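Here's the structure, in structure tokens; my notes come after.
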Amino acid sequence: MKKFQLLIALFCFSVALNAQKIGVVDTDYILSKLPQYKEAESRLNEQIANWQNEIQALQTEYNKKNAALENEKVLLIGDQLKIRQKEVDDLDKKIKTMINNRFGSMGEINNARSNLTKPFQDQIWNAIKTVSEKNTLGIVLDKSNNISVIFLDKRYDYTDKVLDLLLKNSNSKAVESKNSPGRSASEIREEKLKIMNAKQDARVEEQARKKK
């Protein structure tokens, strides 16, 4: 019975696909090519590295104190032993709490990554919507969203069209803000250069993908 239901579902899905124009995009690839995202991700990775170094330093301190306590335990009595043991235990607890708060499933890093990607995801969604309407797409699949694409005809891949639209919009915003206060001419030129480099990188990778 389950096999029959699965066949019916696959048949209905196939009919739906045949009735509508389909497009496929790779949002992870698009995200990796956005200059602003790469800058923000770089800052986040730098913060993560600082946190890792801080935890490593505390772990080294803990290892030294714990080793010293084990070596000197026979010489300590009464409150001396309790105080030293409490210092080691408190440091161990501090390290575990810090790891959980920063690297746990609900930690600062996950929250930071979510806050980092959300505005770019919104931009990508709006660009996909624009490209879909322009090309009259009824269905758009995301290769990055756990969808296994065994074969994809290039004419159904709209990744580059979405990326080009996003980079074009970014370039337009840079031009519009050219005379905005607080931004020097060198900063504007640097931003334009980054956008141009991102476009070039996208073209090179696209050519490489075509050759494959």
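All of the numbers you see were taken from the coordinates with simple rules; none came from a lab. Everything quoted here is computed from the prediction, not taken from an experiment. Note that we place each Cβ from the backbone using ideal geometry, even for glycine, and neighbour counts take in every protein chain shown.
Applying the selection to the stretch 131-171, what residues are surrounded by fewer than 14 Cβ atoms within 10 Å (Cβ to Cβ) and free of Cβ contacts under 8 Å to residues at least 40 places away in the same chain? Glu133, Lys134, Asn146, Ile147, Ser148, Ile150, Phe151, Asp153, Arg155, Lys168 - these are the residues of the stretch 131-171 that are surrounded by fewer than 14 Cβ atoms within 10 Å (Cβ to Cβ) and free of Cβ contacts under 8 Å to residues at least 40 places away in the same chain. Here Ile77 meets the list (1) surrounded by 14 or more Cβ atoms within 10 Å (Cβ to Cβ); (2) outside any helix (DSSP H, G or I) almost entirely, failing just condition (1).
The set of residues in the stretch 101-110 that are among the aliphatic types (A, V, I, L, M) and surrounded by 14 or more Cβ atoms within 10 Å (Cβ to Cβ) contains only Ile109. Counting only residues that are exposed (fewer than 15 other Cβ atoms within 10 Å of the Cβ) and closer than 18 Å to Gln59 by Cβ, the stretch 86-100 holds 8 of them.
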